[in-house]
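The values are calculated or read from the model by the stated rules, or taken from the named source; none is laboratory data. Values in this document were obtained by computation on a predicted structure and should not be read as measured data. Cβ coordinates were reconstructed from backbone atoms using ideal geometry, including for glycine residues, and neighbour counts include every protein chain displayed.
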Amino acid sequence: MPDIIRKAVFPAAGLGTRFLPATKASPKEMLPIVDKPMIQYGVEEAVSCGLREIVIVTGKHKRNIEDHFDYAFELEHKLRKSGKHTLLEEINRLCRVNIAYIRQGYALGLGHAISCARPCVNNEPFAVILSDDIIDTDDTLLKDMVSLYKKLKAPILALERVPRQAVHRYGVIDGTPVGKGVYRLNGVVEKPAPERAPSNMAIIGRYILTPDIFDILAKAKPGKGGEIQLTDAIGGLLKKRPVYGYLFKGKRYDAGDKLGYLKATVDFALRNPELAGPFRSFVLDAARGLKH
Ligand code: G1P
């Protein structure tokens, strides 16, 4: 088994019910944050960490994800003719990334989506990126996890401390500290009630997994919400081998949630060189207006 991570799997077949009606016929992953769809942030993050083989697990109504990462002849022609070369390079840059698409016929859960990627991942360690967890572009979470994997040669989950009342939205770990920000997992539980949660350390949407997860997923039974849960399979994995957590202290946006999505949009717009000035004035005026 190679000890470098080259592949990143993006589960993108979910129904996006938290964003209905916007996601009735369009993928949640294509909702824009300023001028890029959510999934593009994740793909750019993967590529910047040297993960150049991308696997996107898609489903019904998700075809425009494929179009987004593909060449667009007519558009290219128009941009070239009008001399918009920077924009042309910007839209073509991502078309050079090697992306494989796999369809998940039924949305049976995150664990099931990951198991669908098996034919593309084969016998390699790989990353999983949940594109609605957007990591601030200044943070190096995935890069740090990829380096840590070289040392530990074991699965690693990104963790974040969340308020107790929020643990029911996450997979939560029980772990023992073994290094700076590194925990060895003793157990995991998917979306526990606050009083039953083993800690307030939540799994966030970046994982490094080893291919032995696939055999466990193949035998997995539906868990929380009747879905095949990745967290349950990780619970099975840690009975067989050490699994680690890496505590993230940077900025994450839960863009799968309306408020998190808006926060990401505002923060990214405030840092966009073209928009920052006028948008900042607008936000300040709007906030003042609300106070009166
Ligand atoms: C999924 C996982 C959960 C994890 C979360 C991170 O939940 O099942 O364990 O904590 O992603 O965002 P979802 O957000 O798909 O409900």
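Is it true that some residue in segment 227-243 is among the polar types (S, T, N, Q), out of contact with any helix residue (DSSP H, G or I) (no Cβ under 6 Å at 6 or more places or on another chain), crowded, with 16+ Cβ neighbours inside 10 Å and under 30 Å from K7 (Cα atoms)? Looking for residues that are among the polar types (S, T, N, Q), out of contact with any helix residue (DSSP H, G or I) (no Cβ under 6 Å at 6 or more places or on another chain), crowded, with 16+ Cβ neighbours inside 10 Å and under 30 Å from K7 (Cα atoms), one finds at least one in segment 227-243, hence yes.
Can you pull out the residues in segment 202-215 that are more than 13 Å from the ligand (Cβ to nearest atom), touching a helix residue (DSSP H, G or I) at 6+ places or on another chain (Cβ under 6 Å) and over 15 Å from P242 (Cβ atoms)? Within segment 202-215, just F214 meets the criteria. For I234, the conditions (1) within 13 Å of the ligand (Cβ to nearest atom); (2) over 18 Å from L130 (Cα atoms); (3) of a type in the set (V, I, T) are fulfilled apart from (2). Test G225 against the stated conditions and say whether it is within 13 Å of the ligand (Cβ to nearest atom) and either outside any helix (DSSP H, G or I) or of a type outside the set (D, E) (or both). Yes: the conditions hold for G225. For segment 185-230, a tally of residues being β-branched (V, I, T) and touching an Asp or Glu at 6+ places or on another chain (Cβ under 6 Å) returns 1.
Within segment 177-189, one or more residues are more than 17 Å from V243 (Cβ to Cβ) and modelled with pLDDT under 95.
Examine segment 121-135 for a residue that is in a helix (DSSP H, G or I), away from the ligand (no atom under 16 Å from the Cβ) and more than 15 Å from the chain's Cα centre (by Cα), and state whether such a residue exists. Before the answer, list the steps.
So the first thing to find is which residues in segment 121-135 are in a helix (DSSP H, G or I), and the list is 121.
Pick out the ones that are also away from the ligand (no atom under 16 Å from the Cβ) and you get 121.
Filter once more, so that each one left must be more than 15 Å from the chain's Cα centre (by Cα): 121.
Yes: one or more hits.
Can V182 be described as under 21 Å from the mean Cα position of the chain (by Cα) and surrounded by 22 or more Cβ atoms within 10 Å (Cβ to Cβ)? Quick ask: steps written out before the conclusion?
Numbers: under 21 Å from the mean Cα position of the chain (by Cα): yes; surrounded by 22 or more Cβ atoms within 10 Å (Cβ to Cβ): no.
Spelling it out, it is not the case that V182 is under 21 Å from the mean Cα position of the chain (by Cα) and surrounded by 22 or more Cβ atoms within 10 Å (Cβ to Cβ).
The number of residues in segment 106-138 that are closer than 14 Å to A46 by Cβ and acidic (D, E) comes to 1. Would you point out the residue of segment 1-19, among those that are more than 16 Å from the ligand (Cβ to nearest atom) and at pLDDT 80 or above, that is farthest from T58 (Cα to Cα)? So, considering only residues that are more than 16 Å from the ligand (Cβ to nearest atom) and at pLDDT 80 or above, the one farthest from T58 (Cα to Cα) is I4. Among the residues making up segment 231-260, those that are acidic (D, E) and within 18 Å of the chain's Cα centre (by Cα) are D254, D257. Flag set for D215, criterion: acidic (D, E) and out of contact with any strand residue (DSSP E or B) (no Cβ under 7 Å at 6 or more places or on another chain).
Is there a residue in segment 253-263 that is in a helix (DSSP H, G or I), crowded, with 16+ Cβ neighbours inside 10 Å, touching a helix residue (DSSP H, G or I) at 6+ places or on another chain (Cβ under 7 Å) and free of Cβ contacts under 8 Å to residues at least 40 places away in the same chain?
To start, the set of residues in segment 253-263 that are in a helix (DSSP H, G or I) comprises 258-263.
Adding the requirement that they be crowded, with 16+ Cβ neighbours inside 10 Å leaves 260-261, 263.
Among the residues that remain, those that are also touching a helix residue (DSSP H, G or I) at 6+ places or on another chain (Cβ under 7 Å) are: none.
Scanning segment 253-263, I find no residue that is in a helix (DSSP H, G or I), crowded, with 16+ Cβ neighbours inside 10 Å, touching a helix residue (DSSP H, G or I) at 6+ places or on another chain (Cβ under 7 Å) and free of Cβ contacts under 8 Å to residues at least 40 places away in the same chain, so the answer is no.
Within segment 136-155, the residues that satisfy the criterion of being in contact (Cβ under 8 Å) with a residue 12 or more places away in the chain and either closer than 14 Å to I4 by Cβ or within 11 Å of the ligand (Cβ to nearest atom) (or both) are L142, K143, M145, V146, L148, Y149, K150, L152, K153. Among the residues of segment 166-188, just one is within 15 Å of the ligand (Cβ to nearest atom) and of a type in the set (K, R), namely R169.
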